[in-house]
Amino acid sequence: MFQKNMRVLIVDDTSTSRMLIRDALEQLGMTQIASANDGEEALKAMVASPSHLVISDLNMPKLDGLGLLKAIRAHPPTKKTPFIILTGKSDRAVIEQAAKLGVNNYITKPFTLASLKTGIEAVVGKLQ
Amino acid sequence: MTLTVAAPATRRITIIQGEYRVTDDPNVCFTTILGSCAAACIRDPEAKVGGLNHFLLPGDPQRAAGKDAERYGVYLMELLINGLMQKGAKRSRLEAKLFGGARTMMGLSDIGAMNRAFAEEFLQNEGIALMGGHLGGDRGRRIEYWPVSGRARQVLFSSHAKVETMPPPPPAASTQLGDVDLF
């Protein structure tokens, strides 16, 4: 069961997208939301203070979504952290690569509040 | 004997609603027709790559009043920027021109104003320099954009005159020729 006050980390290099995702998560009742501009920043944040759920874009400078996923899975304290990719890219090869790296779900943009909620609940259970 | 070398022909690619395209080919010209929709022309002058997107006109005013119109814009902006970066562009060097967002139908909600506000706010949020363009008004327009050079041309539609295809103008600074504007 996923509690709405658990920490969620949004990773996206587009600040407008980060704001929209944050807005949607807040509408879903979540209160502990952090964000990072790219994979590198997200990884530092996860090592310093792990979040309970990561929602990440794919295409980002420095460290992309797949690189972040790989690094998080390789870091023992975060290796089981639910990781959702939220991206405009729906390339089958990339989805398969993400699956091999241990992604928990893959949501494509443009998302709706309902698709985001469904995508999150499929990974962490019904939001309480 | 005089040798003449023909300049490469311009290849025109039409971008329709909901689409985006990126190129590093200097002979490509993207063209699109806008009413209340908006288009962002974004390029990296150093990497010599550029592109254009065309935000969809939201169909349902109830939904458009919420976040959907903005999402569509964000989605297409993100795809465009990602496409540019995959061709070697850097975010810090991006520059943009914005077009469209007209109020073409009175009495309905002003979707054009929403598109305009979104496009300008997006560039501001992302730190992308706005170099020019033309937003608003009450007439549709055809945009032609040469992504590598950054040259843009706008032909405003009128209810009386049919817009004819014209040859590309020579490179020039912003010049106004009646209803044809160069940016």
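Here are the numbers:
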item: Shielded by partner chains, region A:71-116 residues - at least 50 Å² of accessible area, 1.4 Å probe, vs chain alone; result: A:Pro110
item: Reduction of at least 40 Å² in accessible surface, 1.4 Å probe, comparing all protein chains with the chain by itself, residues of region A:1-40; result: A:Asp13, A:Thr14, A:Thr16, A:Leu20
item: Under 5 Å, built H, 5+ apart or other chain: amide partners of A:Lys109; result: A:Thr87, A:Gly88, A:Lys89
item: Order of exposure, largest accessible area first, which applies to A:Leu101, A:Leu66 with probe 1.4 Å; result: A:Leu101, A:Leu66
item: Accessible area buried, both sides summed, chains B and A with 1.4 Å probe, Å²; result: 1500
item: Sequence of A:Lys100, B:Lys87, A:Lys117, A:Lys62 from largest to smallest accessible area, 1.4 Å probe; result: A:Lys100, A:Lys62, B:Lys87, A:Lys117
item: Accessible area per residue in Å² at 1.4 Å probe, computed on chain A; result: 45
item: Out-of-range pairs (alpha-carbon distance over 20 Å; input A:Lys4/A:Lys44; A:Lys89/B:Lys87; A:Lys62/B:Lys97; A:Lys44/A:Lys79; B:Lys48/B:Lys87); result: A:Lys4/A:Lys44; A:Lys62/B:Lys97
item: Heavy-atom accessible area per residue - region B:76-123, 1.4 Å, Å²; result: 40
item: Dipole moment magnitude, nearest 20 debye, region A:7-124 about Cα centre, only Lys, Arg, Asp, Glu C-beta charged; result: 360
item: Label-point separation in nm, B:Val180 to A:Ala34, each point 7 Å along Cα→Cβ; result: 5.7
item: With every protein chain in place, the protein assembly as shown: carbon and sulfur % of accessible area (1.4 Å); result: 53
item: Theoretical ellipticity at 222 nm over the protein assembly as shown - DSSP helices of four or more residues, -39500 (n - 2.57) apiece, nearest 500; result: -9500 deg cm²/dmol
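The values are calculated or read from the model by the stated rules, or taken from the named source; none is laboratory data. Remember, predicted model here, so these are calculated numbers, not experimental data. All Cβ positions, glycine included, derive from the backbone under ideal geometry; neighbour counts span all protein chains shown. Just so you know, the surface numbers come from the protein's heavy atoms only, side chains and all, with ligands and any DNA or RNA stripped out. Shrake-Rupley method; radii C 1.70, N 1.55, O 1.52, S 1.80 Å.
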